[in-house]
Amino acid sequence: MNPNYLDFEQPIAELEDKIESLRMVGHNNADIDIHKEIETLRNKSDALTKKIYSSLKPWDIVKIARHPQRPYSVDYIPLIFEEFDELHGDRLFADDPAIICGLAWLERQAVAVIAQEKGRNTNDKIKRNFGMVRPEGYRKALRIMEMAERFHLPIITLIDTPGAYPGIDSEERGISEAIACNLARMSNLSVPIICIVIGEGSSGGAIGIGVGDRLYMLQYTTYFVISPEGCANIIWKSAEKAPLAAEAMGVTPDVLIRLGIVDDVIEEPLGGAHRDLPLTASRIKKHLVKNLNLLRNIEISQLLQERYQRLMSYGNPV
Amino acid sequence: MSWLDNIIPSIMRGKDTTHRNVVPEGLWIRCGDCENSLYRPELEKALNVCPKCGVHMRISARRRLDIFLDPPSRTELATDIGPIDALKFKDTKRYRERLSAAQKKTGETEALIVIAGQLKGIPVVAAAFDFNFLGGSMGYAVGERFTQGARHALEQKMPFIVFSATGGARMQEALISLMQMAKTASMIERMKVAGVPYISVLTDPVYGGVSASLASLGDINIAEPGVRAGFSGPNIIRETIRVELPEGFQRGEFLLSHGAIDMIVRRSEMREMIARLLSKMLNISLKSP
Ligand SMILES: [Zn+2]
């Protein structure tokens, strides 16, 4: 199995391997013309990818959202924003690298960026605690968001976490209170807030930076109240049943739009964001610029009223 | 990957907790903690606190509010709000069937009950979670009932007191239940801005999405003795970090010493203490009894 591809992508991996081998042959034997052969295989691979990606199950989407090569916040930030200045620390206890905060330009508008980061290689993953945020991470985020409010800067949050950190220290320093405070304050911060799920939105850990005026999801991302494995463990006493749980809970953008929780989906390149990071980033940027301009034209009192109505509407019978 | 499952903590599955709410029929009841046989009328007179060992047994939401509020002038709010099965959720059973079973078991239509009434003459809104209703989990109806209670408190400038007993968000309502965290927190923020007192009382247990929203945001947070409260359940933490948890972890004294709550108050003193606090927060003197 090719580790760069998910299980359901293995037929694509085989084709890609063939293309790669042919390239090597062509490279070493200038007299053999392999262009035509490669082109045929390329078309085949693209068609296969299209076919596989047109009938993804919710559990497949969860896998893409957690793909080891999936772009993370650190990959997107330099491509979406200019001149990102990272700011550190909650001023109370520590700096939590699982959340990156800072100021940046989004085209000509200064914004505050709050972004969860899972970490790429082993060292980075450990440093970032795999994206599991501790109380000081949420408190740092709140500090920066309240500063943004003072300077009338819109807030952009990028959500990607396997959950708030379930550890002794996390409980000791009040992880519940830290998340709860963010929910409360984000409901009435007097600046536009746009939240985007770029990978995995796991429950309280995600919503802790997830309250705002608009909520978008990249096409192959997931947002859930409990992980499909966890849900399966409770119901079927087996994490193996996670695909069933993912189906039952509706953890993908299509269902969440239907429920009125998510506003829009940002389309990903064929085969997922990791196949074309610059293209994905430019689509996110375009989406952000367009919608932030719309939000900035709304009077703040009106914006807050609409945010309140939005919160009140969750789950209302339609 | 079960360490991801913060919201429905292991506590709802753990067998060490079930004895707390098992009160079998009959005149004699065995205390799950000290194992003494207790005479039911005496136990009820003691507000279901074991007269022998002092353990606070779990009580229903209705009884909770009944022993908390003054007897006259009570109005239940948001009774028309019931559960909604937006996802038509089905696992081994349909969510609808689970709801019917919970309704039959508790005699309630949802896991939160909200009553406007008085506490020692102070007009208040009080709400309580019923742990026997699907583990006191918060879905749309719990969030909406809380919200209507808070709105009533805001309109009438009345304090709002909420007794939590919950495993967290309700899995079967998926992301709708997660969103209730934001919805309830935003109402508390409104109360804060308006200067309407909000008191959160943690009763065993309080975990997950409720802990990380409405239960942690009181102007004053109070716990009942014997409470266990936190974001992640102990089993999930143990599985994640693979160390033994310290003695008393997530218990009342732990919450107090780590600054999460203001005080631990016995059930028998809850009325008195909250009335005292409210009278100062509102700067009004209580009528002498
Ligand atoms: Zn006892």
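The values are calculated or read from the model by the stated rules, or taken from the named source; none is laboratory data. These figures come from a predicted structure and were not determined experimentally. When we count neighbours, we look across all protein chains shown, and the Cβ atoms used for this are built from the backbone with ideal geometry, even at glycine. Ligands, DNA and RNA are excluded from the accessible area calculation, which covers all protein heavy atoms including side chains. Shrake-Rupley method; radii C 1.70, N 1.55, O 1.52, S 1.80 Å.
The mean number of Cβ atoms from other chains found within 10 Å of a Cβ in peptide A:217-225 is 3, as a whole number. Annotation for A:Ser54 and A:Leu294: the two label points, set 7 Å from Cα along the Cα-Cβ direction, are 2.9 nm apart. A simple count of charges around A:Glu37, restricted to other residues whose Cβ falls under 12 Å of its Cβ and scoring Lys, Arg +1 and Asp, Glu -1, yields +3. Debye-formula intensities of the range A:7-55, expressed as log10 I(q)/I(0) at q = 0.31 Å⁻¹, are -1.11 (one equal scatterer per alpha-carbon, no solvent).
Here r is the Cβ-Cβ distance between A:Ala110 and A:Asp263 and R0 is 41 Å; the resulting FRET efficiency, rounded to 0.05, is 0.95. Over all Cα atoms in the range A:164-318, the spread is summed up by Rg and Dmax: 17.0, 51 Å.
Straight-line cross-link reach from B:Lys90 at under 27 Å between alpha-carbon atoms covers these lysines, not counting any fewer than eight positions away in the same chain: A:Lys57, A:Lys63, A:Lys237, A:Lys241, B:Lys15, B:Lys104, B:Lys105, B:Lys183. Post the alpha-carbon centroid distance, the range A:201-224 to the range B:157-191, in whole angstrom. A separation of 18 Å, based on Cα centres. In the range A:63-312, the ratio of gyration radius to Kirkwood radius, Rg to Rh, stands at 0.94 when only Cα atoms are counted. Two numbers describe the Cα atoms of chain B: Rg and Dmax, which are 18.4, 57 Å. Mean projected area of the convex hull spanned by the Cα atoms of the protein assembly as shown, taken over all viewing directions: 29.8 nm². Under 17 Å between alpha carbons, and skipping anything fewer than 8 positions from B:Lys120 in its own chain: which lysines qualify? Reachable lysines: B:Lys157, B:Lys280, B:Lys287. Spin-label pair A:Asn2-A:Glu37: with each label point 7 Å from Cα along the Cα-Cβ axis, the two points sit 1.7 nm from one another. Mean partner shielding of peptide B:213-219, defined as the number of other chain Cβ atoms within 10 Å of each residue Cβ, is 4. Here the convex hull built on the C-alpha positions of the range A:140-254 has a volume of 104 cubic angstrom per residue.
In this structure, B:Arg30 and B:Asp66 have a Cβ-Cβ separation that, at R0 = 22 Å, corresponds to a calculated FRET efficiency of about 0.35. Count Lys and Arg as plus one, Asp and Glu as minus one, and take only other residues whose Cβ is under 15 Å from that of B:Glu272; the net charge is then +4. Place a point 7 Å from the Cα of B:Lys287 along the Cα-to-Cβ direction; which residues of the range B:116-152 have their backbone N under 20 Å from it? Only B:116-126 fall inside the zone, counting backbone N under 20 Å. The mean count of C-beta atoms from other chains within 10 Å of the C-beta of residues in A:195-207, rounded to a whole number, is 4.
Of all aspartates and glutamates in the structure, those lying under 15 Å Cα to Cα from A:Lys44, and not within fewer than 8 positions of it along the same chain, are A:Glu9, A:Glu14, A:Glu16, A:Asp17, A:Glu20.
Mean separation of Cα pairs under 8 Å and 6 or more residues apart, divided by the residue count, gives chain A a relative contact order of 15 percent. Every helix of 4 or more DSSP H residues in the protein assembly as shown counts as -39500 (n - 2.57), and over all residues that averages to -12500 deg cm²/dmol at 222 nm. Do any chymotrypsin sites (Phe, Trp or Tyr not before Pro) in the range A:42-108 lie in a loop, going by DSSP, with at most 14 other beta-carbon atoms within 10 Å of their beta carbon, and if so which? Passing sites in the range A:42-108 are A:Phe93.
Close amide H partners of B:Ile220, meaning residues 5 or more places away or on another chain with modelled amide H under 5 Å apart, are B:Tyr198, B:Ser200. Here the label points at A:Asp85 and B:Leu256, each 7 Å from Cα along the C-beta direction, are separated by 4.6 nm in the simple model. Among B:255-267, B:95-107, the peptide with the highest mean count of other Cβ atoms within 10 Å heads the list, and the full ranking is B:255-267, B:95-107. Using heavy atoms of the protein chains and a probe of 1.4 Å, the accessible area assigned to B:Cys53 is about 60 Å². The trypsin sites (Lys or Arg not before Pro) of the range A:220-293 that meet both conditions, a loop assignment by DSSP and at most 13 other Cβ atoms within 10 Å of the site Cβ, are A:Lys237.
Shown is the FRET efficiency for A:Gln309 and A:Lys18, computed with R0 = 41 Å from the Cβ-Cβ distance and rounded to the nearest 0.05: 0.15.
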